[in-house]
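The values are calculated or read from the model by the stated rules, or taken from the named source; none is laboratory data. Please read these numbers as outputs of a predicted model, since none were measured by experiment. Here the Cβ is made from the backbone with ideal geometry for all residues, glycine too, and neighbour counts use every protein chain on show.
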Amino acid sequence: GQKSRRKWAKGTLLPAPELGSSPSTSSIEPDLEKFEELSNLQDVLVPWVLNNNSDQKSTDKLTTYNRYYHLFREGELIELVKCAAESLELSFTQLDSDLPESTPPHLNDWCLIKRHGWEADNWWVEVELGIQVP
């Protein structure tokens with residue numbers, strides 16, 4: 001949504017800080033400093049270990065990479081999908097999880113969140129798009 005830090009940052013992705021580090025703020029512009037403070041709460045680097053050795057039991061040639069991972073707040077991912085759909089002029093619908101699955105609305109162009117949930121410490125959505133080809 002309009003409050004989304006991703007939209008607010010205008011597509012600029014700041015590197016996520018290492019866990020336990022405290023970034024120097026003297027060289028950061030005031031607006032970016034606020035963004036980084038928010039970013040520190042939800043943007044993390046997750047270790048990803050890659051075994052470069054064909055012998056799976058050996059740990060001699062392990063390479064660790066830090067991959068960027070965004071932890072969504074409840075409702076944030078759905079709001080991002082909704083805003084993206086609206087920016088593309090798609091009709092947005094979210095199915096109620098208590099109701100049986102139904103077919104998407106009979107509209108020309110639509111975005112439907114079929115399911116959403118919490119798994120592996122983050123939120124996920126299942127989205128279906130329908131675009132009418134002339």
- Message: Under 6 Å between Cβ atoms, which residue pairs at least 6 apart in sequence (or on different chains) link something in segment 42-53 that is without any contact (Cβ under 8 Å) to a residue 24 or more places away in the chain with a partner that is among the basic types (Lys, Arg)?
- Response: Val46/Arg67; Trp48/Arg67; Asn52/Lys61; Asn53/Lys61
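Please pick out the residue among Lys34, Lys7, Lys57 that is basic (Lys, Arg), loosely packed, with under 15 Cβ neighbours inside 10 Å and at pLDDT below 55. Walk me through how you get there before you give the answer.
Values: Lys34 fails: at pLDDT below 55; Lys57 fails: at pLDDT below 55.
Lys7 is the lone residue from the list that is basic (Lys, Arg), loosely packed, with under 15 Cβ neighbours inside 10 Å and at pLDDT below 55.
Whether any residue in segment 45-52 is at pLDDT below 85, surrounded by fewer than 11 Cβ atoms within 10 Å (Cβ to Cβ) and not basic (Lys, Arg) is what I want to check. Quick ask: steps written out before the conclusion?
Residues of segment 45-52 at pLDDT below 85: 51-52.
When the remaining residues are screened for being surrounded by fewer than 11 Cβ atoms within 10 Å (Cβ to Cβ), the result is 52.
With not basic (Lys, Arg) added as a condition, the list becomes 52.
Yes, some residue in segment 45-52 is at pLDDT below 85, surrounded by fewer than 11 Cβ atoms within 10 Å (Cβ to Cβ) and not basic (Lys, Arg).
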